[in-house]
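Here is the structure we will look at.
The values are calculated or read from the model by the stated rules, or taken from the named source; none is laboratory data. Every value quoted in this text rests on a predicted model; they were computed, and no experiment measured them. With ideal geometry, Cβ positions are generated from the backbone for all residues, glycine too; neighbour counts draw on all protein chains shown. We work out accessible area using only protein heavy atoms, side chains counted, and drop any ligands, DNA or RNA first. Shrake-Rupley method; radii C 1.70, N 1.55, O 1.52, S 1.80 Å.
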Amino acid sequence: MTTAKDVLVAHISDPHVDSHSPERVRPLRQAVAHLMSLPRRPDVVIVTGDLTEHGEAGEYEQFRGAVAALDMPLYVIPGNHDDRARMQGLFGEQGTHGLPGFMQYQVDAGPLRVLMLDTHVPGEAGGRLDGGRLEWLAERLAQEPERPTLVALHHPPLGSGVQVMDAITLDDPQALERVITAHPNVLRVLCGHMHTTTTQAFAGTVLMTLGGTEGTFLPDLGQPEKFVIQVQPGLCLLHHWRPGAGLTSFTSVIEGGRTLTLYDGQKWAGQ
Ligand SMILES: [Fe+2]
């Protein structure tokens, strides 16, 4: 049962809208339809980067067209495939307390907040939090040390064992670890980039990466020197915060779900 003060944050990642392959926008549209079909609508939607494949203006227009059906606020940060300046031009200033020069800001979702970090480095596949970005995070966290907080960024600070992907994660993860370890109110660190769904311990909290909207890549763990994957359905994460209970993260398949009422509040189905 929901209360007036619960918060639901929907998290999608890496749609890679691609002007060279126009059909790649279809899974993003399906993700939007999925979020809009949920009986408990998300309060906000976050996208952890790689909105586009090439960072082209037309791709961002396509992205914007695909997400237009969302009736809740949408917040985006850049990934390595993105063009920060184009995103800033198209999406404008997002959230509050924005860091000048970056797409880094705070999202206020009732009692919960999401700190959206910009790890983009033009021309590079890996990510970084230099140029004041890490200091901004430390300052925001110090401002409200009791408030339940999610930290979102494209590049994860930990690898998952696939060598070519582990080589392009976040640079200097220890620096981020030091900042977050000092703040036990950080309930999750949420990342994209890997196109696979993982859960790991990091900095005294829980680090999750998320499969992309167009597919989840389960790597062949027996061949870590290669990147051989089984492509599985696209996923989103639903982070549900309840007062007094904390945060529960649900994994939701974008396509193919069906609704069943197994318990109607008084009795189980079939009884
Ligand atoms: Fe990426």
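For the pair the range 84-138 and the range 5-29, the centres of their Cα atoms are 19 angstrom apart. The residue among Pro145, Pro184, Gln266 whose Cα reaches farthest toward the positive pole of the charge dipole of the range 123-271, with charges on the beta-carbon of Lys, Arg, Asp and Glu, is Gln266. Taking the Cα centre of the range 1-130 as reference, the dipole from Cβ charges on Lys and Arg (+1) and Asp and Glu (-1) amounts to some 480 debye.
The share of alpha-carbon pairs in the chain lying farther apart than 34 Å comes to 15%. The modelled label-to-label distance between Gln266 and Ser21, using points 7 Å beyond Cα along the C-beta direction, is 5.2 nm. In the chain, the calculated helix contribution to ellipticity at 222 nm averages -6000 deg cm²/dmol per residue, counting -39,500 (n - 2.57) for every DSSP H run with n ≥ 4. Counting only heavy atoms of the protein chains and using a 1.4 Å probe, Glu177 has close to 70 Å² of accessible surface.
Here Arg29 sits with roughly 130 square angstrom of accessible surface, probe radius 1.4 Å. Between the alpha-carbon centres of the range 42-79 and the range 206-271 there is a gap of 21 Å.
Under the convention that each Lys and Arg Cβ holds +1 and each Asp and Glu Cβ holds -1, the size of the dipole of the chain around its Cα centre is about 980 debye.
Measuring r between the beta carbons of Phe91 and Ala167 and using R0 = 35 Å, the FRET efficiency lands at 0.75. Taking max minus min of the alpha-carbon positions on each principal axis, the range 145-271 gives extents of 55, 41, 21 Å, largest first. Measuring with a 1.4 angstrom probe and ignoring ligands and nucleic acids, Asp166 comes out at about 50 Å² accessible.
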